[in-house]
Amino acid sequence: MAREQHESLLRAAIAKHLASYTAQLVPALRILIEHEYPEDFWQLDFEVHEYYFDDFPVCMYFYREGFDQVADDEEGYPEGRMLHIIQTGRIIPKVILEQYPEDEAAGEFWHAEAIDAEIIAWFHKCWIDAGGTSFPHRARLAPHDADQRLDLVTGEWTDDG
């Protein structure tokens with residue numbers, strides 16, 4: 001089976017699997033969206049990474065202007081927030097990845113890119129369903145350390161952090 005076909009099938013399997021977590025994610029995002037943040041709050045930043053570990057693969061960070069990251073214990077931010085938004089365990093089952101293997105001998109490593117794309121699309125839909133287009137601050141989502149980030153409010157890709 002060609003890589004393109006494998007990737008298409010993998011992405012479809014991941015999208016179907018991610019949909020089973022929508023009922024958990026939308027209310028968690030709604031809490032973040034509706035929260036009254038301190039005046040100096042500037043941006044809510046989400047990063048996709050570590051989908052192969054046993055945690056939810058999207059981490060969140062709060063920033064003040066100038067990318068001054070807010071410490072975990074600062075007041076005025078959502079109570080009990082965690083690095084990972086919801087507790088799920090491993091979100092992408094190994095069995096899905098094993099059904100559509102990468103061709104290591106040919107140097108084809110594409111799982112991460114395909115998985116990131118599906119997680120971002122699903123997360124953005126959940127953000128919108130949670131009322132995110134009315135979020136009065138900046139909110140960005142991207143793979144870890146990516147140059148471009150998805151503006152969750154407008155749906156546009158940007159390189160401004």
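The values are calculated or read from the model by the stated rules, or taken from the named source; none is laboratory data. It should be emphasised that the depicted structure is a prediction, and the values quoted were computed from it without experimental measurement. Glycine gets a Cβ as well: all are built from the backbone with ideal geometry, and neighbour counts include every protein chain shown. For the accessible areas, the whole protein counts, side chains as well, though only heavy atoms, and no ligand, DNA or RNA atoms are used. Shrake-Rupley method; radii C 1.70, N 1.55, O 1.52, S 1.80 Å.
Look at segment 125-152 and say how many of its residues are over 20 Å from Gln69 (Cα atoms), open to solvent by 10 Å² or more (accessible area, probe 1.4 Å) and more than 14 Å from the chain's Cα centre (by Cα).
So the count comes out to 4.
When you look at Gln5, is it assigned to a helix (DSSP H, G or I), modelled with pLDDT of 90 or more and open to solvent by 50 Å² or more (accessible area, probe 1.4 Å), yes or no?
So Gln5 does not fit the description; no.
Exactly one of these conditions fails for Met82: (1) assigned to a helix (DSSP H, G or I); (2) surrounded by 14 or more Cβ atoms within 10 Å (Cβ to Cβ); (3) hydrophobic (A, V, I, L, M, F, W, C); (4) modelled with pLDDT under 90. Give me its number.
It fails just one condition, (1).
If you take the residues in segment 86-124 that are in a loop (DSSP other than H, G, I, E, B) and acidic (Asp, Glu), which one is surrounded by the fewest Cβ atoms within 10 Å (Cβ to Cβ)?
Ranking the candidates gives Asp103 first.
Given the condition more than 22 Å from His124 (Cβ to Cβ), modelled with pLDDT of 85 or more, over 11 Å from the mean Cα position of the chain (by Cα) and not hydrophobic (A, V, I, L, M, F, W, C), answer yes or no: does some residue in segment 49-63 qualify?
Scanning segment 49-63 turns up no residue that is more than 22 Å from His124 (Cβ to Cβ), modelled with pLDDT of 85 or more, over 11 Å from the mean Cα position of the chain (by Cα) and not hydrophobic (A, V, I, L, M, F, W, C).
For segment 90-119, give me the residue count where each residue is of a type outside the set (A, V, I, L, M, F, W, C) and under 20 Å from His144 (Cα atoms).
Count: 5.
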